[in-house]
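Since the structure comes first, as structure tokens, the remarks are kept for the end.
The values are calculated or read from the model by the stated rules, or taken from the named source; none is laboratory data. Remember, predicted model here, so these are calculated numbers, not experimental data. Cβ placement follows ideal geometry from the backbone for every residue including glycine, while neighbour counts extend to all protein chains displayed.
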């Protein structure tokens, strides 16, 4: 497996203004994610390259998201593809990383965790798992934010 960036997130004070900015500047397809309000997080999908019906890029490139800023100074974050979130969180911590948000599900899509590297930079690890929400519903729940 390539451990490459597979998703990014951009925080914004005004997501509609930010969406308009990126649409006009780069021609990105930015649209509010249906059902995002139900999950309590206002979320916008950002497509920098076209996708297939499953939402996967059809040519090289990375798509991402845009969301309302959740805390002052919240930086953008890159999500890196891994085989197992738990394994890579442990490995990163042994190398000096600090876990900010433990393993958390994105129902029907996968798992992620957010960490700071040894230089204080925010990054996330991502594991694709279409059953992530089912496992969470069975009692694993979201990780605790440690910001």
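Annotations
- For the stretch 41-48, the criterion of being under 28 Å from residue 18 (Cα atoms), at pLDDT 90 or above and in contact with a helix residue (DSSP H, G or I) (Cβ under 6 Å, 6 or more places away or on another chain) is met by at least one residue.
- Taken as a whole, the stretch 130-147 holds no residue that is modelled with pLDDT of 50 or more, closer than 25 Å to residue 54 by Cα, in a strand (DSSP E or B) and touching a strand residue (DSSP E or B) at 6+ places or on another chain (Cβ under 6 Å).
- Pick from the stretch 21-37, criterion modelled with pLDDT of 95 or more and part of a loop (DSSP other than H, G, I, E, B), ranking: surrounded by the most Cβ atoms within 10 Å (Cβ to Cβ): 28
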